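Below is one structure, written out as structure tokens; comments come after it.
The values are calculated or read from the model by the stated rules, or taken from the named source; none is laboratory data. Computed from a prediction, not measured in an experiment: that's the story for all the values here. Don't worry about glycine lacking a Cβ; one is built from the backbone with ideal geometry, like all the others, and counts go over all protein chains shown. For accessibility, only protein heavy atoms count, side chains too; no ligands or nucleic acids. Shrake-Rupley method; radii C 1.70, N 1.55, O 1.52, S 1.80 Å.
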Amino acid sequence: MLAGGLLGCQGGDETPQAPPEAGPLAAPLVVPASSGSGRPFLTTGPAGTVYLSWTEPAPDGRHCLRYAAWTGSEWGDARTIVEGANWFVNWADVPQLAVPTPDRLVAHVLPKSGPGTYAYDVAVHQSLDGGATWTGPLVPHTDGTMTEHGFVSYVPLNETRLGLVWLDGRAMAGSMAGPEHDHAATSGAMSLRFAALTPAGTFEEAAVLDLRTCECCPTAAVHTAQGPAIFYRDRGADERRDIVVVRRLGDAWTVPTPVHDDGWIIAGCPVNGPAADAAGDDVIVAWYTQANGQPKVQLARSGDAGATFSPPILIDGNRPLGRVDTLLRPDGTALVLWLQEGEDGGRLLLRAVSADGTVGAVRLVAEMSMGRTSGVPRMALTPEGTVLVVWTDAGPASDGELATRVRSLALSE
């Protein structure tokens, strides 16, 4: 088990030093993905089954979204959800799979909607027979603009409705033609929106959660005892870009509230979103900030379903790059996974924080590239207590293209 082996000193205000060479016991896993695969994502079904999804190249310049389920000892056979051409394929905005019931699977891809670099839509596909057949595409936004729609997070609402939140660039129509977001070309901003998907394939309960957000930081969503809690990087009028939370209580959404006032002022998107997990009223959120020029990975905890949060605990202040993930163990221990700049490349690190705030040692999980191609590492907890970790391995260039492949480890201590 991970918790005992990773816990150590009390408090988190010290600057963590380089991790020891030895990390948690890690068993490499075979992923049924081809060369060129990447953009992995992990999700957990209602029965505790962990699912891995990823994209890989298909013939004639196409791509396919595939997935495999954890069998208890290995990744099962790969199954294809959808294949298509002209997808937006990106290291940070990745397709995802959600499994609200054992028979109902929902996934999305990002087809281009126009010639602009960031002109793409959210296209949802749904299966009601355990993945045997899929329907779609189902599009949650109806604005019809050739702008960015992505960075989706899923959250179950009840037995039938699955919530989707996404970043929506409809107000930025003038800035999407070039290779970067051009704020000078429009007075509009990125927004955060919500809709609920039914088994019939319809979207209901549409809502605007925030009219001004950071443009391309991944979002996170969790289900608490009081309802959904959505985490994302906000964008203030002064270009403050801190992590905020918006919750749904009954049928009403709360006003967005900062998790912590970091005060990070940056005139551009850092492409470094939050990660969150929850069980009942207990919520954890981890994130990267560079407020006052000091790169940090931090963790905060809530005991009231995200209404308030504890002061953040420093996870890493020693050259972290962020790209965080986090999970909450049944005993209340929080695990944080992140990427750090090493002497000869990137290091994938893990740290545990117990329910009473005891902070463990920084542990090395794997050496990996610091480049964007390596993506955002992910982890999930199996019913047996094993932590599964996935990331994109970016190998040496071949024929002018970087060789990539999804990698996975099982951590048992």
Two-site FRET efficiency, Asp143 against Arg212, from Cβ-Cβ distance with R₀ of 22 Å, rounded to 0.05: 0.85
Amide proton proximity set for Ala403, modelled H, under 5 Å, gap of 5+: Gly395, Ala397, Ser398
Share of carbon and sulfur in the accessible heavy-atom surface of the chain [1.4 Å probe, %]: 50
Backbone N under 18 Å from the Ile266 label point (7 Å along Cα→Cβ), restricted to the stretch 276-295: 276, 286-295
Percentage of interatomic Cα-Cα distances in the chain larger than 27 Å: 48
For the stretch 374-391, Karplus couplings with θ = phi - 60° (6.51, -1.76, 1.60), whole Hz, Gly/Pro x: 6, x, 10, x, 10, 9, 8, 10, 7, x, 7, x, 7, 9, 9, 10, 9, 7
For the stretch 60-73, 3J(HN,Hα) per residue [Karplus equation, 6.51 cos²θ - 1.76 cosθ + 1.60, θ = phi - 60°, Hz, x = Gly/Pro]: 6, x, 8, 10, 9, 9, 10, 8, 8, 9, 6, 8, x, 9
Simple label model, 7 Å out from Cα along Cβ direction - Val30 to Val255, nm: 5.7
Protection proxy ranking, peptides 140-153, 197-210, average beta carbon neighbours within 10 Å, highest first: 140-153, 197-210
Cα gyration tensor of the stretch 79-171 - equivalent ellipsoid semi-axes, whole Å, descending: 23, 15, 11
Binned Cα-Cα distances of the stretch 304-413, short to long, each 10 Å bin given as a whole percent: 13, 43, 30, 11, 3, 0
Area projected by the alpha carbon convex hull of the stretch 296-365, averaged over all directions, nm²: 4.9
Value of relative contact order over the chain, rounded to a whole percent, pairs C-alpha under 8 Å and six or more apart: 17
